[in-house]
Amino acid sequence: MKILVTGGAGFIGSAVVRLAISRGHSVVNLDALTYAACLENVASVGNSPLYAFEQADIRDRAALDRIFAAHRPDAVMHLAAESHVDRSIDGPGAFIETNVNGTYNMLEAARSYWQAEGRPEAFRFHHISTDEVFGSLPADPAVKFTEDTAYDPRSPYSASKAASDHLVRAWHETYGLPVVLTNCSNNYGPFHFPEKLVPVIILNALAGKPLPIYGNGSNIRDWLFVEDHADALLLVLEKGELGRSYNIGGENERTNLDLVRTLCTILDEKRPKAAGSYADQITFVTDRPGHDARYAIDPTRIRTELGWRPSVTVEEGLARTVAWYLENEAWWRPLQARQGVGERLGTGEKRVG
C-alpha cells in the first residue's frame, strides 16, 4: 500500500511513517516543516526506497493536487495539525487556518483525486483527531468518552479539531469519500517535541529547573505510548469500517501530578542527582484558562471490532521515554531554541503567530 501521510515529520506522524515503512508500505511524507516538525524524526527511514518526502503546506491546494497526481496514493493518513493547546490560546488563528481550512483542502484534493481514479473502493482517507473534542469529564471513573459522546470542545485547539472531524464526516456523507476517523488520548514517547508536558518535565529536571504543574496537578489524562498509537492507526486504516470512528486510548489514567512524580522517580533511578530527588523541583503554577479536568477513553469499540489493545503500561512507556531522552540530547537540544519553547504560553496574555 502507498500511504500519503500528512505531518509525517511531527511527533505522531513520524511514528506512523517509521512503522508503516517497517511493515513494507510505501510512504509519501507531506510536511510543511513548521516549528514543531523535524526531519530527524524520520532519519532512520529517510534512505529507504519506500520513502518519499514532499515539503508542502496543507493550505496550498495546488501543491496538494500536484502531490496526489505525482504519487497516486492508495490511502491518506491526515495528521498534519497545529496541536499545542497553550499556543492555541495565545494565537488561535493558525489553528483555524491549518486544522480547519487545511483539512478542507485535504478533503477536496483527496476527493478530486479519488474521483479521477474512478472512485476505487480500496481508497481510504484516515483522519486522525483527539479526545479533546469531547470536552471534560467528571472524576467518576465509570464515565469515559465513547464514539457517541457529544462534542463539547473547550479550547481553540479542540474546537478546530472538532470542526475538522465534522468536515470529514460531511465529505463521507455528502460525496461518498471513503473515510475512517480516530480520536486519541494524550500521546508520549520518543521524538516528542519539547514543549509538551512529558518532555518539559524530563528536560527541566535534567537542567535543574522548576517542574511546572498547572493548578494543583489534579487534572487527569489517559496516556498513550506513541508507538502503540501508530500501530492502532495503521490497523484502523486497514480494517476499520468506512464512515466509522474509533477512540484510541492507553488505558492509563493518571493525574498530572502523579505522572510528574513517576517521571521524577524514573529519573532518580536512571540519572540520580547529587542530593535529593527531582521531585524537589516540582512547582505549581497558575492554571491555563479553560483547563479540562479529565479525559478518559472507553476503548471497547477498537478492542472488540479490531482486536487492538495498548502493549505497554504508562510506567513502562515513561521509562522507555526517559531513557530515549537521556540518550538523544543531540536531537532535543537544538529544538529548545525554537520559538516559544521553554516559555510559559497559554495565559491568554501574549500572542503567538
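Test of understanding: extend the Cα→C-beta vector of residue 242 to 7 Å, then name every residue of the stretch 1-42 with backbone N under 20 Å from that spot. Within reach of a label on residue 242, which here means backbone N under 20 Å from a point 7 Å along Cα→Cβ, the stretch 1-42 contributes 1-4. With 28 Å as the limit, the listed pairs 161/239; 2/161; 196/273; 161/270; 144/196 have 161/270 beyond it between alpha carbons.
Normalising by residue count, the stretch 1-51 has a Cα convex hull of 58 Å³ per residue. Figure legend: label point modelled 7 angstrom from the Cα of residue 74 along Cα→Cβ; residues of the stretch 217-247 with amide N under 19 Å from it are 231-243. Taking 0.36 nm per residue of sequence separation and removing the Cα-Cα distance, the residue 174/residue 330 pair yields an extension gain of 51.4 nm. Converting phi to 3J(HN,Hα) with the Karplus coefficients 6.51, -1.76 and 1.60 and the offset θ = phi - 60°, the stretch 228-242 yields 5, 4, 4, 4, 5, 5, 5, 5, 5, 4, 7, 10, x, 7, 4 Hz in sequence order, with x at every glycine or proline. Taking each residue as 0.36 nm, the span from residue 97 to residue 55 lengthens on full extension beyond its C-alpha to C-alpha distance by 13.3 nm. Tell me the label-point distance for the pair residue 22, residue 279, using the 7 Å Cα-to-Cβ offset, in nm and rounded to one decimal. For the pair residue 22/residue 279, the computed spacing is 3.3 nm.
Sparse packing (at most 12 other Cβ atoms within 10 Å of the Cβ) combined with a DSSP loop state is found for the following GluC sites (Glu not before Pro) in the stretch 240-282: 241. For the stretch 111-148 and the stretch 29-94, what is the separation of their Cα centres, given in Å? When both Cα centres are located, 19 Å separates them. In the set (i) 17.6; (ii) 16.6; (iii) 19.5, which value of mean projected area of the Cα convex hull in nm² was calculated from the structure you see? Here mean projected area of the Cα convex hull in nm² agrees with entry (ii). Applying both filters, DSSP loop and at most 11 other Cβ atoms within 10 Å, to the GluC sites (Glu not before Pro) of the stretch 103-157 gives 121. Annotation for residue 148 and residue 257: the two label points, set 7 Å from Cα along the Cα-Cβ direction, are 3.6 nm apart. Taking every alpha-carbon pair under 8 Å whose residues sit at least 6 apart, the chain reaches a relative contact order of 19 percent.
Once backbone amide H atoms are built at 1.01 Å from N, residue 53 has 29 as its partners under 5 Å, excluding neighbours fewer than 5 places away on the same chain. By the count of other C-beta atoms within 10 Å, a proxy for reagent exposure, 77, 106, 1 are ordered fewest to most as 1, 106, 77.
Quick note: the coordinates plus some simple rules give every number you see, no bench work behind them. From a predicted model like this one, the values you see are computed outputs, not experimental measurements. FYI the Cβ positions are ideal-geometry reconstructions off the backbone, even for glycines, and counts take in every protein chain you see.
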